[in-house]
Amino acid sequence: MPMATSTVNSIAVLTGAGISAESGVPTFRGKDGLWRNYRAEDLATPGAFRRDPRLVWEWYDWRRGLIGACEPNAAHHTLAEMESHFDEFSLITQNVDGLHNLAGSRAVLELHGNIWGLRCTAGCRPTWEDRTVPLATIPPRCPSCGALARPDVVWFGESLPSGVLDAAFSAARTCEVMLVIGTSALVNPAASLPLVALQRGAYVVEFNPQPTPLSDLADEIVRQPAAEALPGWWHAWQSEG
């Protein structure tokens with residue numbers, strides 16, 4: 001366990017696909033991610049959208065339907081509860097499903113965007129949310145100017161949003177404790193966040209049933225799914241502090 005909760009002011013959390021898989025959110029790569037014989041890598045690109053926006057949106061509409069049937073699990077809810085216990089709490093996620101928000105987390109740094117968000121390709125207005133499943137019109141259009149709308153997610157070949165990424169690295173540099181939950185610790189720049197935290201002296205806890213490149217470096221390892229382990233771990237930490 002890290003130091004007593006009463007002495008910790010700043011905590012950061014990094015979540016990956018593992019925490020959402022426990023809610024039934026499917027992954028969209030490999031043999032289990034096929035849709036009409038397309039790979040995610042063939043659809044989630046700016047070029048694919050330029051060539052056939054209807055096809056790309058049909059895929060995203062299908063994904064939104066699958067994700068919309070899922071609910072936040074005990075790990076999502078525990079993180080939402082933890083947020084109110086610390087002066088500084090940063091929840092950084094690689095997931096686009098919005099389950100942290102549904103669980104009640106308020107300040108979520110979404111590195112790869114949010115599948116429920118839409119963005120005007122003409123840039124006439126801020127991103128908006130539409131949780132309609134199925135979408136009323138495919139491809140959807142901007143309600144302000146009529147231009148095509150695209151999903152507010154980061155596609156292959158695109159950069160992560162700089163403001164979100166800067167905030168994530170700032171949280172990694174300043175946190176006293178970092179929880180790394182359900183991520184392979186393989187994909188940069190997210191994979192470097194726990195390393196930054198370790199270099200700055202943070203206590204790093206990994207929640208993952210499988211070993212990762214982070215495992216040999218973490219201060220504490222929990223080899224259970226987060227929905228099973230995190231509520232009890234949080235309760236035990238509170239009891240100590």
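The values are calculated or read from the model by the stated rules, or taken from the named source; none is laboratory data. These figures come from a predicted structure and were not determined experimentally. A quick note on method: Cβ atoms are made from the backbone with ideal geometry, for glycine too, and the neighbour counts reach across all protein chains shown.
A few notes on this one:
- Members of the stretch 96-119 found to be among the polar types (S, T, N, Q) and more than 15 Å from Leu179 (Cβ to Cβ), listed by number: Asn101, Asn114
- Within the stretch 193-208, the residues that satisfy the criterion of being outside any helix (DSSP H, G or I), free of Cβ contacts under 8 Å to residues at least 60 places away in the same chain and either out of contact with any helix residue (DSSP H, G or I) (no Cβ under 9 Å at 6 or more places or on another chain) or surrounded by fewer than 20 Cβ atoms within 10 Å (Cβ to Cβ) (or both) are Arg200, Gly201.
- Test: Ala185 is at pLDDT 95 or above and buried (at least 16 other Cβ atoms within 10 Å of the Cβ): no
- Condition broken by Asn95, with the remaining ones in (1) outside the structural domain of Val205 (by TED's automatic domain parsing); (2) in contact with a helix residue (DSSP H, G or I) (Cβ under 8 Å, 6 or more places away or on another chain); (3) part of a loop (DSSP other than H, G, I, E, B) satisfied: (1)
- Some residue of the stretch 77-91 being assigned by TED's automatic domain parsing to the domain that holds Gly232, under 17 Å from the mean Cα position of the chain (by Cα), of a type in the set (A, V, I, L, M, F, W, C) and part of a loop (DSSP other than H, G, I, E, B): no
- When Arg106, Arg173 are screened for being surrounded by fewer than 20 Cβ atoms within 10 Å (Cβ to Cβ), more than 29 Å from Leu66 (Cα to Cα) and not assigned by TED's automatic domain parsing to the domain that holds Glu58, only Arg173 passes.
- Residue in the stretch 144-157 that is at negative phi, charged (D, E, K, R) and loosely packed, with under 15 Cβ neighbours inside 10 Å present: no
- A count restricted to the stretch 24-44 and to residues that are within 21 Å of Val154 (Cβ to Cβ) and either basic (Lys, Arg) or at pLDDT 95 or above (or both) stands at 2.
- If the condition is being out of contact with any helix residue (DSSP H, G or I) (no Cβ under 9 Å at 6 or more places or on another chain) and either small (Gly, Ala, Ser) or modelled with pLDDT under 95 (or both), then the stretch 213-231 contributes only Ser215.
- Residues that are aliphatic (A, V, I, L, M) and over 27 Å from Ser23 (Cα atoms), drawn from the stretch 172-205: Leu195, Val196, Ala197, Leu198, Ala202
Residues checked against (1) within 30 Å of Ala48 (Cα to Cα); (2) of a type outside the set (D, E, K, R):
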position	(1), (2)
Ala168	yes, yes
Leu186	yes, yes
Asp216	no, no
Ala229	no, yes
Glu240	no, no
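- Residues being assigned to a strand (DSSP E or B) and over 11 Å from Leu111 (Cα atoms) - total across the stretch 153-182: 5
- Any chance Gly24 is at positive phi and surrounded by fewer than 20 Cβ atoms within 10 Å (Cβ to Cβ): yes
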